[in-house]
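Participant: Pasting a structure here, questions to come.
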Amino acid sequence: MEINQLHPLFVGEIVGLDTSAPITPETVAFFEEAMAKYAVCVIRDASLSDEDHIRFARAFGPLELAPPGRKRIAKELYDISNLDDEGEIIQPKPDGAQPADFELFHTDSPFNSWPTKWSFLLAYVTPPAGADTQYVDTRAVYADLPDEMKERVAGLTVDHDLFRALQRNGVEFEDEAMRKHYPRTTHPLVRTSASGRKALYMGWHGIGIEGWPEAEAQAFLDELYRFATQDRYVYSHKWRPRDMVVWDNRCTMHSATSFERYRYKRDLRRATINEYGPEVSAIEANKREPEPA
């Protein structure tokens, strides 16, 4: 196995890792070390098998199980596609409400009260243009903060609320049952990554700071978001079939770019793991008390 760095700050491309092969302790140690160093790893020529995908992810932690209702792929995986159960492109809705490309930087499952460790996104079918995934290393962002900003972020706890964040962006979400399943959750803004470097846990879903007036908190978080998403911190991954990209949700953010979703198929599937605990859905996980970061 070889690793090539794809960005000056982070991202390792791993060549020669067979995700269909038996997973040895040496493979686990190699990949844990690579993830600690690079935070985002690109595995080329991964197995296009749901079973191999799940088995590989489980070697590094318990799965965060996807919500029920997926028929096209294994029930343990998240369906990151524009396809219906028959594998055809989902057509525009007659009421005019269309899916939006997720073009804001975020982390997976910020509503989860215990830590979400890594996500494993595997490409089956990719459109000829667009639909890239962009990543930010928040360890590098923290390292570049001015000293006075590092003093300000120390000890802060941020409120993460997907529904309030959607409202701020002009989207009204009226499903109260889902709102209860994914409640507002607090996380420390600064945490120590697996590499030992400090990182920011942040995203567009951060909507407040405990103990701060709402307007002041939002202005500060917006300032931090603008700083973190400067071009020099961003790696843009151009997908090709059989790419598996693994990222550490605890020290990175990611964002999608748009594509012609009613013209081209996009079939990507994601496994997500937690740091510890039983395999449960995010809905069950957010009912549990988190362990200290």
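The values are calculated or read from the model by the stated rules, or taken from the named source; none is laboratory data. Predicted, not measured: the structure shown is a model, and the values here were computed from it. Ideal geometry is used to build each Cβ from the backbone, glycine not excepted, and the neighbour counts take in all protein chains shown.
Participant: If a residue must be in contact with a Leu (Cβ under 9 Å, 6 or more places away or on another chain) and among the polar types (S, T, N, Q), how many such residues does region 243-261 contain?
Facilitator: Residues meeting the conditions: 1.
Participant: Take the residues in region 235-267 that are aromatic (Phe, Trp, Tyr) and farther than 11 Å from Ala131 by Cβ; name whichever of them is surrounded by the fewest Cβ atoms within 10 Å (Cβ to Cβ).
Facilitator: Tyr262
Participant: Kindly provide the set of residues from region 149-171 that are in a loop (DSSP other than H, G, I, E, B), surrounded by 13 or more Cβ atoms within 10 Å (Cβ to Cβ) and without any contact (Cβ under 8 Å) to a residue 40 or more places away in the chain, ordered by number.
Facilitator: Once the filter is applied, which keeps residues that are in a loop (DSSP other than H, G, I, E, B), surrounded by 13 or more Cβ atoms within 10 Å (Cβ to Cβ) and without any contact (Cβ under 8 Å) to a residue 40 or more places away in the chain, region 149-171 yields nothing.
Participant: Identify, please: which residue in region 264-288 is at pLDDT 95 or above and of a type in the set (A, V, I, L, M) and is, among those, farthest from Leu162 (Cα to Cα)?
Facilitator: If we take residues in region 264-288 being at pLDDT 95 or above and of a type in the set (A, V, I, L, M), then Leu268 is farthest from Leu162 (Cα to Cα).
Participant: Could I ask something else about it? Could you tell me which residue of region 28-47 is farthest from Asp231 (Cα to Cα), considering only residues that are crowded, with 18+ Cβ neighbours inside 10 Å and of a type outside the set (A, V, I, L, M)?
Facilitator: Ser47
Participant: Considering Asp50, Asp45, which residue is on the phi > 0 side of the Ramachandran plot and in contact (Cβ under 8 Å) with a residue 60 or more places away in the chain?
Facilitator: Asp45
Participant: Restricting attention to region 204-242, and to residues there that are β-branched (Val, Ile, Thr), part of a strand (DSSP E or B) and under 22 Å from His254 (Cβ atoms), which single residue is modelled with the lowest pLDDT?
Facilitator: So, considering only residues that are β-branched (Val, Ile, Thr), part of a strand (DSSP E or B) and under 22 Å from His254 (Cβ atoms), the one modelled with the lowest pLDDT is Ile207.
Participant: Using the structure shown, decide if Arg44 is at pLDDT 95 or above, over 23 Å from Arg266 (Cα atoms) and not hydroxyl-bearing (Ser, Thr, Tyr).
Facilitator: Against the criterion (at pLDDT 95 or above, over 23 Å from Arg266 (Cα atoms) and not hydroxyl-bearing (Ser, Thr, Tyr)), Arg44 does not qualify.
Participant: Of everything in region 121-173, what is farther than 21 Å from Ser258 by Cα and of a type in the set (Ser, Thr, Tyr)? Give them in sequence order.
Facilitator: Listed by number, the residues that qualify are Thr138, Tyr142, Thr157.
Participant: For region 243-260, give me each residue that is closer than 14 Å to Ala39 by Cα and in a loop (DSSP other than H, G, I, E, B).
Facilitator: Asn249, Arg250, Cys251
Participant: Right, next: Can you tell me which residues in region 33-83 are in a strand (DSSP E or B) and farther than 23 Å from Trp239 by Cβ?
Facilitator: Within region 33-83, just Leu65 meets the criteria.
Participant: I would also like to ask the following. Quick one: count up the residues across region 78-95 that are touching an Asp or Glu at 6+ places or on another chain (Cβ under 6 Å) and within 22 Å of Thr19 (Cβ to Cβ).
Facilitator: 1
Participant: Hey, could you check region 69-86 for residues that are in contact (Cβ under 8 Å) with a residue 60 or more places away in the chain and farther than 26 Å from Thr27 by Cβ and say which is surrounded by the fewest Cβ atoms within 10 Å (Cβ to Cβ)?
Facilitator: If we take residues in region 69-86 being in contact (Cβ under 8 Å) with a residue 60 or more places away in the chain and farther than 26 Å from Thr27 by Cβ, then Leu83 is surrounded by the fewest Cβ atoms within 10 Å (Cβ to Cβ).
Participant: Here is a list of conditions, (1) more than 18 Å from Ser119 (Cα to Cα); (2) surrounded by 15 or more Cβ atoms within 10 Å (Cβ to Cβ), and Val15 meets all of them except one; can you say which number that is?
Facilitator: (2)
Participant: Check Arg226, Arg191, Arg266, Arg261 and return the single one that is touching a Ser or Thr at 6+ places or on another chain (Cβ under 7 Å) and not small (Gly, Ala, Ser).
Facilitator: Unique residue meeting the criteria: Arg266.
Participant: Oh, and also: Scan region 68-100 for residues that are modelled with pLDDT of 80 or more and either touching a Cys at 6+ places or on another chain (Cβ under 8 Å) or under 24 Å from Leu166 (Cα atoms) (or both) and jot them down.
Facilitator: Hits for region 68-100 are Tyr78, Asp79, Ile80, Ser81, Asn82, Leu83, Ile90, Gln91, Pro92.
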